[in-house]
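S.K.: Structure provided below as C-alpha cells; questions to follow.
The values are calculated or read from the model by the stated rules, or taken from the named source; none is laboratory data. Quick caveat, the model's predicted, so the values are computed rather than measured. Neighbour counts are summed over all protein chains in view; Cβ atoms, including those assigned to glycine, are modelled from backbone coordinates with ideal geometry.
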Amino acid sequence: MSYFTEEHNQFRQSLRDFLQKEVVPNVDEWEKVGNPPRDIWKKFGDMGYFGLRFSEKYGGLDLDFFYDVILLEELSKINSAGTSAAIGAHTYLSLSHLNNAGSEEQKQQYLVPGIAGELFGCLAITEPGGGSDVASMRTTAVKDGSDWIINGSKTLITNGVLSDYLIISAKTEPELKQAGISMFVVDRNTKGLSASRLDKLGWRASDTAELAFDDMRVPASALLGQENQGFYYIMQHFALERLIMAIGGVAGSEYALQYGLNYMREREAFGRPLTKFQELRHRVAQLSAEIEQQKQFVYHLCDRFTKGEYIVKEAAMAKLLATQLSDKVTFEVVQFLGGYGYMEDYQAARMWRDSRLGQIGGGTSEIMKEIIAKMAIDEIKYS
C-alpha cells in the first residue's frame, strides 16, 4: 500500500532541496554554537513548513498528516537531531497546544506568527524529580484577583532558553492532583521567569533549559483552554508526540544504515570491501528487515491517526520499538566504521549520541511498556 501521492513526492523533493541549501551546510556550526540562528525560523515559515496541517485561517496549508511525516523523515536525515528537535518542539508541541486549546486571541497572538516563523515557542511540562510522572508536578498557579501567580520550576525543556513564548503546565487546584492541572501561555519577558541552559550529551543544536518561576504574575488571558483541563490536554497530545518520535526513529535508522553501508562499500579490509564479509552482510540484512517492518507499522498508524482513530497503545508501541531500533542501528554503524566511528570527523558519532535520547524523551521506554501493559493486561483506556 502506498501512502504517498505524486503531490507528496513533489513536496518531498522540494523540501530536500531546501534543506540541502539552507540547513545541511550549516548544521556543524549550529552544533557548535548550540542553536540555529533566528533567520532560519523565518525561512521555514516562509516555506509553510510550520503550518502544514493547520488551518489556512491562521496561515497554515490545511494539508494531510503525511506531509508532516515527510517533513519529519527529511529532518531526520540532516544528521542534527538538535536542529530537528528545535523545529519539532515548536511545531508539534507548542503550536499544537495553541491550535487545539487556544482562544481566538491567543491564536492571533501566538499561533499566526508561530506558523509564519516570526515567533517560536516551547512546551514546559517536565519538572525536576518528576520526569515522566506528569501528575506529580509541583508548579502551582494561584489566583490573585484576575491574575495568576505561578511558582515552581521545569527542566529538560527544548527551546526553553531562546523561545519567544512558553506553554506551561501548573496545578491550579493541587488537592485534585492531576485533575487540577491547567495550561498557560507566557511571554518570554514576563517578570519572575528565568532560564538556564543545560549541557547535553547530544541534540547539541537545540537549547535545553531549566526554568524557574518566582511569583510570576500572568493575566487571566494567559490561561490556555479551560481551567483544570491541562492533564487532559497533555494526555490527548502524547499519542501525537510519540508517533512523531517513532517517525523520526525509523527515518533516522534508515539514514544511519545507509551512511554505514556507503562507508562499507568503499572501505577495504584484507583486499576486499567490507560489504563482501558474510557476517557484516547478514547484520545489514537484519537491520534492513527491522527498519522496513517498523516503517510499515508507523505508516499504518499515521494512516489511522489521519482518520481520527484511537491509537494511544499503538503509538506507545511504535515509540518504544522505533527508538530502540534507532539505538541498535546507530550502535552497529559505529561498529561498522571501527575506530573512525568514534571520531567526531565522521557522522556516526553524532548519530549515536543523538539517538540515545529517543528512549528518554516523550516518555521513557519504561513508561511506554507500562502504558502498553496497563492497556493490554488491565484493559485500562487512556483519554
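S.K.: Can you name every residue in the stretch 337-351 that is surrounded by fewer than 22 Cβ atoms within 10 Å (Cβ to Cβ) and either β-branched (Val, Ile, Thr) or touching a helix residue (DSSP H, G or I) at 6+ places or on another chain (Cβ under 7 Å) (or both)?
M.R.: Once the filter is applied, which keeps residues that are surrounded by fewer than 22 Cβ atoms within 10 Å (Cβ to Cβ) and either β-branched (Val, Ile, Thr) or touching a helix residue (DSSP H, G or I) at 6+ places or on another chain (Cβ under 7 Å) (or both), the stretch 337-351 yields LEU337, GLY341, TYR342, MET343, TYR346, GLN347, ALA349.
S.K.: With respect to SER194, is the statement that it is of a type outside the set (D, E, K, R), under 27 Å from ILE360 (Cα atoms) and crowded, with 18+ Cβ neighbours inside 10 Å true?
M.R.: Considered against the rule, which asks whether it is of a type outside the set (D, E, K, R), under 27 Å from ILE360 (Cα atoms) and crowded, with 18+ Cβ neighbours inside 10 Å, SER194 comes out as no.
S.K.: Only one residue in TYR310, TYR299 is hydroxyl-bearing (Ser, Thr, Tyr) and closer than 25 Å to THR83 by Cα, so which one is that?
M.R.: Selected residue: TYR299, the only one of TYR310, TYR299 that is hydroxyl-bearing (Ser, Thr, Tyr) and closer than 25 Å to THR83 by Cα.
S.K.: Looking only at the stretch 141-164, count how many residues are closer than 18 Å to LYS177 by Cα and in contact with a Phe, Trp or Tyr (Cβ under 9 Å, 6 or more places away or on another chain).
M.R.: Of the residues in the stretch 141-164, 7 are closer than 18 Å to LYS177 by Cα and in contact with a Phe, Trp or Tyr (Cβ under 9 Å, 6 or more places away or on another chain).
S.K.: For residues in the stretch 68-118 being surrounded by fewer than 22 Cβ atoms within 10 Å (Cβ to Cβ) and outside any helix (DSSP H, G or I), which is farthest from the chain's Cα centre (by Cα)?
M.R.: Taking the candidates together, the pick is SER103.
S.K.: What are the residues in the stretch 337-365 that are among the acidic types (Asp, Glu) and touching a residue at least 24 places away in the same chain (Cβ under 8 Å), if any?
M.R.: ASP354
S.K.: Name the single residue, out of those in the stretch 301-331 being in contact with a Lys or Arg (Cβ under 6 Å, 6 or more places away or on another chain) and either more than 19 Å from GLN359 (Cβ to Cβ) or of a type in the set (D, E, K, R) (or both), that is surrounded by the fewest Cβ atoms within 10 Å (Cβ to Cβ).
M.R.: ILE311
S.K.: If you don't mind, another one. May I ask you to say which residue of VAL284, VAL298 is in a helix (DSSP H, G or I), in contact with a helix residue (DSSP H, G or I) (Cβ under 9 Å, 6 or more places away or on another chain) and buried (at least 21 other Cβ atoms within 10 Å of the Cβ)?
M.R.: After applying the criteria, what remains is VAL298.
To keep it simple, each residue is scored yes or no on (1) assigned by TED's automatic domain parsing to the domain that holds LEU224; (2) farther than 15 Å from TYR233 by Cβ; (3) out of contact with any Lys or Arg (no Cβ under 8 Å at 6 or more places or on another chain); (4) at pLDDT 95 or above.
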{"position": "LEU95", "(1), (2), (3), (4)": "no, no, yes, yes"}
{"position": "LEU98", "(1), (2), (3), (4)": "no, no, no, yes"}
{"position": "SER103", "(1), (2), (3), (4)": "no, no, yes, yes"}
{"position": "GLN106", "(1), (2), (3), (4)": "no, no, yes, yes"}
{"position": "GLN109", "(1), (2), (3), (4)": "no, yes, yes, yes"}
{"position": "ILE115", "(1), (2), (3), (4)": "no, yes, yes, yes"}
{"position": "SER136", "(1), (2), (3), (4)": "yes, yes, yes, no"}
{"position": "VAL142", "(1), (2), (3), (4)": "yes, yes, yes, yes"}
{"position": "TRP148", "(1), (2), (3), (4)": "yes, yes, no, yes"}
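S.K.: In contact with a strand residue (DSSP E or B) (Cβ under 8 Å, 6 or more places away or on another chain) and of a type in the set (A, V, I, L, M, F, W, C): is that true of LEU287 in this structure?
M.R.: no
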